[in-house]
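Novice: The structure is given below, and queries will be raised subsequently.
The values are calculated or read from the model by the stated rules, or taken from the named source; none is laboratory data. What you are looking at is a predicted structure, and each value in this text was computed from that prediction instead of being measured. So basically every Cβ, Gly included, is an ideal-geometry build from the backbone, and we count neighbours across all protein chains shown.
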Amino acid sequence: MNNRRRHSSASEKAKEIEAINGIVSGKNILITGGAAGLGNAFLNHFLKHGANKVTIFDIDAEAGKRVELSVEKSCGEKKVHFIHVDVSNYERMTEAFEEAVRLMNDIDIVVNNAGILDERRWEKEIAVNLGGMISTALLAVKYLNRDNDGHGGTLVNVSQHIDIKNTAQLPVYTATKHAIIGLSQSLADSYQYEKTGIRVITLCPGLTETALTVDSPNKLLSRFMKADFVKNLEQLSIQTPYVVAQGLMSILRVGESGSIWVVENGRSPYEVYVPNPRTLRRTYKNNFTLVETKVVSRGRPIREVCDNTRTGLMSCA
Ligand SMILES: NC(=O)c1ccc[n+]([C@@H]2O[C@H](COP(=O)([O-])OP(=O)(O)OC[C@H]3O[C@@H](n4cnc5c(N)ncnc54)[C@H](O)[C@@H]3O)[C@@H](O)[C@H]2O)c1
């Protein structure tokens with residue numbers, strides 16, 4: 001690579017960092033499940049880009065306090081607050097949101113991230129991944145809502161990689177994560193957005209190295225699925241939480257309300273969209289014999305999000 005090109009890519013990177021700082025700097029942020037894994041990587045990136053205050057909600061009291069203490073040592077007191085709460089307990093969540101507002105004065109961005117993978121305890125999985133995420137989303141709407149003394153803001157809902165062919169051994173987990181796309185799409189609809197002023201973004205991480213994935217082979221509905229599940233995992237490439245958090249920062253800069261973003265294989269984020277089901281319609285004869293299967297690639301037009309060479313972001317494929 002010649003010097004001029006190296007210099008230009010370094011200056012483009014610096015511009016991107018400056019643009020992200022412009023979005024994050026001075027903001028008050030709430031992250032559920034912020035004591036470990038992806039949530040903790042999001043926390044570190046928000047701090048790096050100049051967030052004013054961050055509150056993390058987590059069920060793991062020890063890890064949460066450890067994170068609070070370590071940020072206090074490096075960034076100073078009262079930068080990060082930890083609130084011990086189970087996201088699946090709505091009553092405690094309403095108190096925790098009130099406390100977060102008291103501590104930060106205001107909330108600008110909510111990252112709805114806490115989740116578990118445990119098919120053996122599928123009722124709990126539904127309670128946390130669905131109940132907890134719906135609670136967080138509804139409370140975010142309550143506090144950020146322009147119609148309710150809020151000033152709008154951003155809600156990020158964490159779903160999962162959208163390629164369901166790799167999730168045959170995780171039916172309940174997959175159901176909860178796909179429901180989050182429906183939740184996001186409803187809350188992002190212009191009917192809601194015009195009233196609330198809340199931009200709703202869905203983040204779909206691919207396989208990422210966290211406690212959730214490390215333990216997953218032992219948390220399936222049946223132990224007979226383990227070998228196939230591990231074989232599937234081995235075929236996928238695993239990324240670090242750092243890359244996903246870095247991707248989220250760029251998504252916050254460019255993502256529109258209702259947009260769905262994938263970060264997989266350690267690469268830059270790309271946007272996907274939910275196709276209009278009418279364009280995927282199969283037609284049958286009267287006796288229900290299939291006569292035609294036509295997939296029309298219509299729906300929301302694919303957007304060039306931004307100049308690829310400038311930001312490294314990709315438009316959807
Ligand atoms: N790791 C992956 O490959 C991957 C891929 C796609 C999506 N996700 C999603 O990303 C999110 C974060 O997962 P992760 O991989 O960082 O997992 P993780 O287990 O490393 O971290 C999850 C955090 O959430 C907390 N938590 C769990 N249950 C909670 C509850 N009831 N109340 C409050 N906090 C709770 C945990 O204590 C932990 O700190 C989850 O929603 C997960 O479904 C993960």
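Novice: What about ARG102, is it over 27 Å from TYR273 (Cβ atoms) and within 12 Å of the ligand (Cβ to nearest atom)? Break it down into steps so the answer makes sense when it comes.
Specialist: Values: over 27 Å from TYR273 (Cβ atoms): yes; within 12 Å of the ligand (Cβ to nearest atom): no.
It is false that ARG102 is over 27 Å from TYR273 (Cβ atoms) and within 12 Å of the ligand (Cβ to nearest atom).
Novice: Sticking with this structure for a sec: Mind telling me which of the residues PHE224, PHE229 ends up being within 15 Å of the ligand (Cβ to nearest atom), over 14 Å from LEU38 (Cβ atoms), among the aromatic types (Phe, Trp, Tyr) and part of a helix (DSSP H, G or I)?
Specialist: Working: PHE224 fails: within 15 Å of the ligand (Cβ to nearest atom).
Among PHE224, PHE229, only PHE229 is within 15 Å of the ligand (Cβ to nearest atom), over 14 Å from LEU38 (Cβ atoms), among the aromatic types (Phe, Trp, Tyr) and part of a helix (DSSP H, G or I).
Novice: While we're here: Would you pick out the residues in segment 30-64 that are part of a strand (DSSP E or B) and either within 16 Å of the ligand (Cβ to nearest atom) or hydroxyl-bearing (Ser, Thr, Tyr) (or both)? So that I can check it myself, show each step before the final result.
Specialist: To start, the set of residues in segment 30-64 that are part of a strand (DSSP E or B) comprises 30-32, 53-58.
Matches in segment 30-64: LEU30, ILE31, THR32, VAL54, THR55, ILE56, PHE57, ASP58.
Novice: Among the candidates LEU248, LEU220, LEU233, single out the residue that is at pLDDT 95 or above, over 17 Å from ASN112 (Cα atoms) and surrounded by 15 or more Cβ atoms within 10 Å (Cβ to Cβ).
Specialist: Details: LEU248 fails: over 17 Å from ASN112 (Cα atoms); LEU233 fails: at pLDDT 95 or above.
Only one candidate passes the filter, namely LEU220.
Novice: Given the conditions (1) over 22 Å from GLY153 (Cβ atoms); (2) aliphatic (A, V, I, L, M); (3) out of contact with any helix residue (DSSP H, G or I) (no Cβ under 7 Å at 6 or more places or on another chain), report the number of the one that ALA36 does not fulfil.
Specialist: Result: ALA36 fails condition (3) only.
Novice: If you scan segment 181-209, which residues turn out to be more than 11 Å from the ligand (Cβ to nearest atom) and among the hydrophobic types (A, V, I, L, M, F, W, C)?
Specialist: Answer for segment 181-209, where residues must be more than 11 Å from the ligand (Cβ to nearest atom) and among the hydrophobic types (A, V, I, L, M, F, W, C): ILE181, LEU183, LEU187, ALA188, ILE198, VAL200, ILE201.
Novice: While we're on this one: List the pairs whose first member sits in segment 9-33 and is in contact (Cβ under 8 Å) with a residue 24 or more places away in the chain and on the phi > 0 side of the Ramachandran plot, whose second member is within 16 Å of the ligand (Cβ to nearest atom) and assigned to a helix (DSSP H, G or I), and whose Cβ atoms are under 6 Å apart, counting only residues at least 6 apart or on separate chains?
Specialist: Matching pairs, first to second residue: GLY33/GLY39.
Novice: If we keep just the residues of segment 65-82 that are more than 16 Å from the ligand (Cβ to nearest atom) and closer than 20 Å to ARG102 by Cα, which is surrounded by the most Cβ atoms within 10 Å (Cβ to Cβ)? Break it down into steps so the answer makes sense when it comes.
Specialist: Of all residues in segment 65-82, those more than 16 Å from the ligand (Cβ to nearest atom) come to 72-79.
Restricting the remaining residues to those that are closer than 20 Å to ARG102 by Cα gives 72, 76-79.
Values: GLU72: 13, GLY76: 9, GLU77: 9, LYS78: 12, LYS79: 15.
Going through the qualifying residues, I end up with LYS79.
Novice: While we're here: Need pairs with beta-carbon distance below 7 Å; first residue within 12 Å of THR32 (Cα to Cα) and within segment 121-146, second part of a helix (DSSP H, G or I) and more than 15 Å from the ligand (Cβ to nearest atom); sequence gap 6+ or separate chains.
Specialist: ALA137/LEU187
Novice: Then there is this: With respect to the numbered conditions (1) in a helix (DSSP H, G or I); (2) of a type outside the set (Phe, Trp, Tyr); (3) near the ligand (Cβ under 10 Å from one of its atoms), which one is the sole condition not fulfilled by HIS178?
Specialist: Of the numbered conditions (1) in a helix (DSSP H, G or I); (2) of a type outside the set (Phe, Trp, Tyr); (3) near the ligand (Cβ under 10 Å from one of its atoms), the odd one out for HIS178 is (3).
Novice: Then there is this: Only one residue in SER250, SER257 is in a loop (DSSP other than H, G, I, E, B) and within 25 Å of THR136 (Cα to Cα). Which one?
Specialist: On the way: SER250 fails: in a loop (DSSP other than H, G, I, E, B).
Among SER250, SER257, only SER257 is in a loop (DSSP other than H, G, I, E, B) and within 25 Å of THR136 (Cα to Cα).
Novice: State all residues of segment 42-63 that are under 21 Å from GLU209 (Cβ atoms) and crowded, with 22+ Cβ neighbours inside 10 Å; if no residue qualifies, say none.
Specialist: Within segment 42-63, PHE42, LEU43, PHE46, ILE56, ASP58 qualify.
Novice: I'm checking my understanding of the structure. Among residues of segment 129-160 that are under 11 Å from THR176 (Cβ atoms) and surrounded by fewer than 24 Cβ atoms within 10 Å (Cβ to Cβ), which one is farthest from the chain's Cα centre (by Cα)?
Specialist: Only one residue tops the list, namely GLY131.
Novice: If you check every pair at least six apart or on different chains, which have Cβ atoms under 6 Å apart with a residue in segment 58-72 that is touching a residue at least 24 places away in the same chain (Cβ under 8 Å) first and a residue that is of a type in the set (Lys, Arg) second?
Specialist: VAL71/LYS79
Novice: What about LEU212, is it among the aliphatic types (A, V, I, L, M), in a helix (DSSP H, G or I) and either within 16 Å of the ligand (Cβ to nearest atom) or modelled with pLDDT of 90 or more (or both)? Outline the logic, then answer.
Specialist: On the way: among the aliphatic types (A, V, I, L, M): yes; in a helix (DSSP H, G or I): yes; either within 16 Å of the ligand (Cβ to nearest atom) or modelled with pLDDT of 90 or more (or both): yes.
Judged against the criteria, LEU212 is a match.
Novice: Looking at segment 65-92, which of its residues are in a helix (DSSP H, G or I) and among the polar types (S, T, N, Q)?
Specialist: Looking only at segment 65-92, we keep the residues that are in a helix (DSSP H, G or I), and these are 65-75, 90-92.
Matches in segment 65-92: SER70, SER74.
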